[in-house]
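Report on one structure; see the data block that follows.
The values are calculated or read from the model by the stated rules, or taken from the named source; none is laboratory data. Quick caveat, the model's predicted, so the values are computed rather than measured. Using ideal geometry, Cβ is built from the backbone for each residue, glycine included, and neighbour counts are taken over all protein chains shown.
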Amino acid sequence: MKRNLICLAFLFATLLAAFPVSTVNAARGVPGNPEFGYGVALNTTPGTDMNISTVILQSFTQEVKPDWVSIDFNWADLQPDPNQPVDLSSIAPLLEYSSIHQYPVLVKLCNAPAWAQTAFGPSPQFTIQLISELLTRYPKTIQAIEIFPAANTLQGWGALPDPSAYTELFRSIQLAVTEEMNSSTLLVAAGLLLNPPDARHPMDIDALDYLQGLYQAGAKEIMPVISLHYGTITGEVLDSVQSGKNTLRYYEEIRRIMLENDHAVGMLWITRLPVSSTTPSRMEWLESACNLLRAQLFIGTVFIDMPTSQAEPGNSNGALVFNLDQVEQVLKILKKLMFQNAPEEWLSKSKTFYLSLG
């Protein structure tokens, strides 16, 4: 009998090793979860109307639970003085609302204040302290942090862009999060900013060149998710990549670099997806773009850009929303996409869904 129990225990351990158990409630789009995720990217940068951000989030979540909510964390604006604690009052309502309703949040950590900068970029020590404070306050809500998106630009990094310096910072943060903070929060790397050549600073680094630099510095071993941040998009959904133009399918070039560096298991997140600035059919473009991205098995999550203040079309930089009426149009598209993505979660709300699509 004892021998049989030992054999059974050995067999069970072998099966566990052969078929690793993933997190039961892992958010969609993360490594280990094959399900595609849709996120709502709220604009919470200085100068935007935070009340509108809250209205958008509440309006969307009345009928569907988003896979993700992303919130811009402008560090310099929220903690300009190192002798004062970080002021979360402007984004706390969104974080609290997401916490109550259990919406996973991606925090986009950007714009380190001058006092937290070094000659080579953001200070690892101060960045780790900030992340520790955020994860202590919202340990279950903040499930992912994008580390200084647009790091391939002078503005995004706060110093001359340097893939090696970024990799070292990322490695330090990852070590602190996993070992010192004992957190499973996903760290999302790079936020490669895709801007047309005429919109770049002379010191900015091309997204593909920067990504290659990350791999040369050891990204493959420590960065399971690379992110792409479209500054602008032109053309139609299926347009091929063209020199000097930012088309949607630029993600194919990112994937090419990943595969050339033997990073097939790496995932790509689109952490900002604006609508094409040249398409005549904005909502149709959005729906087709999301369907195309969802079909790419290496793309885990896409965050739909949801500007939160009114803007003139000529100055929108591809922004989707000019008024709250168009917010409703975007939400309608997102509800349809999320229904296709996870229809089983909509069964209890089928009447509301069909009425909203009517």
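The figures follow:
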| quantity | calculated |
| --- | --- |
| Residue within the stretch 68-79 that is of a type in the set (Gly, Ala, Ser) and touching a residue at least 12 places away in the same chain (Cβ under 8 Å) present | yes |
| Set Asp198, Asp239, Asp204: member being over 28 Å from Ala114 (Cβ atoms), part of a loop (DSSP other than H, G, I, E, B) and free of Cβ contacts under 8 Å to residues at least 60 places away in the same chain | Asp239 |
| Residue count for the stretch 72-131, restricted to those that are among the β-branched types (Val, Ile, Thr), closer than 17 Å to Ala144 by Cα and at pLDDT below 95 | 1 |
| Close pairs (9 angstrom Cβ cut-off, 6 or more residues apart or separate chains): touching a residue at least 40 places away in the same chain (Cβ under 8 Å) in the stretch 243-272, basic (Lys, Arg) and in a strand (DSSP E or B) anywhere | Thr271/Lys108; Arg272/Lys108 |
| Candidate set: the stretch 115-168, residues that are among the polar types (S, T, N, Q) and in contact with a His (Cβ under 8 Å, 6 or more places away or on another chain); chosen: the one nearest to Ala76 (Cα to Cα) | Gln155 |
| Test for Glu221: is it charged (D, E, K, R), under 22 Å from Glu146 (Cα atoms) and not in a strand (DSSP E or B) | yes |
| Matching residues in the stretch 242-268 - criterion: being modelled with pLDDT of 95 or more and not in a helix (DSSP H, G or I) | Asn261, Asp262, His263, Ala264, Val265, Gly266, Met267, Leu268 |
| Positions within the stretch 224-236 being of a type in the set (A, V, I, L, M) and either touching an Asp or Glu at 6+ places or on another chain (Cβ under 7 Å) or not in a loop (DSSP other than H, G, I, E, B) (or both), in sequence order | Val225, Ile226, Leu228 |
| So Tyr215, is it closer than 24 Å to His263 by Cα, touching a residue at least 12 places away in the same chain (Cβ under 8 Å), part of a helix (DSSP H, G or I) and out of contact with any helix residue (DSSP H, G or I) (no Cβ under 6 Å at 6 or more places or on another chain) | yes |
| Test result for Ala144, under 19 Å from Trp68 (Cα atoms), touching a residue at least 60 places away in the same chain (Cβ under 8 Å) and in contact with a Ser or Thr (Cβ under 8 Å, 6 or more places away or on another chain) | yes |
| Out of Gln174, Gln125, Gln129, sole residue that is in contact with a strand residue (DSSP E or B) (Cβ under 9 Å, 6 or more places away or on another chain), without any contact (Cβ under 8 Å) to a residue 60 or more places away in the chain, surrounded by fewer than 20 Cβ atoms within 10 Å (Cβ to Cβ) and assigned to a helix (DSSP H, G or I) | Gln174 |
| Count of residues meeting criterion [charged (D, E, K, R) and under 13 Å from Leu293 (Cα atoms)] in the stretch 255-278 | 2 |
